[in-house]
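The values are calculated or read from the model by the stated rules, or taken from the named source; none is laboratory data. A quick note: this is a predicted structure, and the numbers were derived from the prediction, not measured. Backbone-built Cβ (ideal geometry, glycine too); neighbour counts: all protein chains shown. Surface accessibility is based on the protein's heavy atoms, side chains included, excluding ligands, DNA and RNA. Shrake-Rupley method; radii C 1.70, N 1.55, O 1.52, S 1.80 Å.
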Amino acid sequence: MTILELILLSIGLAMDCLAISVAGSIAYGRYNWRRILLMALCFGGFQGIMPVIGWAVGISFVDIIGRYDHWIALLILGYIGGKMIIESFRNGEKVSEYTPYGSIKMLLMLSVADSIDALATGLLFISYSEILALGAAIIALGSFLITILGCVIGIEFGKRFRVNVNLIGGLILIGIGVKIFIEHLFLS
């Protein structure tokens, strides 16, 4: 596996980080670099550690997780997205507690749901154990940087357009959950 392949893998895994960070940042609507860096560290950290876990436990355990991971992601993201949609009709422009900015607990739940796909990526490294650390670092760095980019995009979008941000964020999270579910159910 080449460095270019690892970078492309990192970018592919980070697309959900991008969508979640954009959705959460639209709802927040202002720069809070402490929160942005915390989100990027959580998303990047979970994305980087999950392939290591997948590699460490090997094929048998990942096969068991693979049967249920799409359901877990769908339920977590569906729950959070649904709560955001409900709050969108109650709170107006107030930032939902169900966004990554809402609480550390919510940020960690989103980080886990977002990184479940990266767990299966660990299987790729069984044949390339010598580059596992490099691969995990590239995946983590890619998710970290793309999360920051997503926050900037979301905040700038939120400043320019008056929309029901919790509604849009909730729909995006549910969409990501459905995408993960469909990919695993029908495309794997």
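What the table below lists for this structure:
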| read-out | value |
| --- | --- |
| Full-stretch length increase - Phe161, Thr2 - with 0.36 nm per residue and alpha-carbon distance subtracted | 53.1 nm |
| Difference of contour (0.36 nm per residue) and Cα-Cα distance, Ile182 to Ile11 | 59.6 nm |
| Nearest-20 debye value, the chain charge dipole, Cβ charges on Lys, Arg, Asp, Glu | 840 |
| Tilt relative to the chain, helix 33-91 - C-alpha long axis, 0 to 90 degrees, to 10 | 0 |
| Probe 1.4 Å - accessible area at Ser127, Å² to nearest ten | 90 |
| Three-way shape label, the chain, alpha-carbon gyration tensor, a/c 1.5 | prolate |
| Rounded percent of accessible protein surface that carbon and sulfur make up, the chain, 1.4 Å probe | 72 |
| Per-residue [θ]222 nm for the chain (sum of -39500 (n - 2.57) over DSSP H runs n ≥ 4, rounded to 500) | -29500 deg cm²/dmol |
| Among Ser127, Val152, Ala140 - extreme Cα towards positive end, dipole of the chain, charges at beta-carbon | Val152 |
| Average accessible area per residue (Å²) across the chain - probe 1.4 Å, nucleic acids and ligands excluded | 48 |
| Nonlocal Lys pairs with alpha-carbon distance under 21 Å, the chain (8 or more apart, or different chains) | 5 |
| Accessible surface of Tyr79 - all protein chains present, 1.4 Å probe, nearest 10 Å² | 120 |
| Where labels lie 7 Å past Cα in the beta-carbon direction, separation of Phe89 and Trp71 in nm | 2.9 |
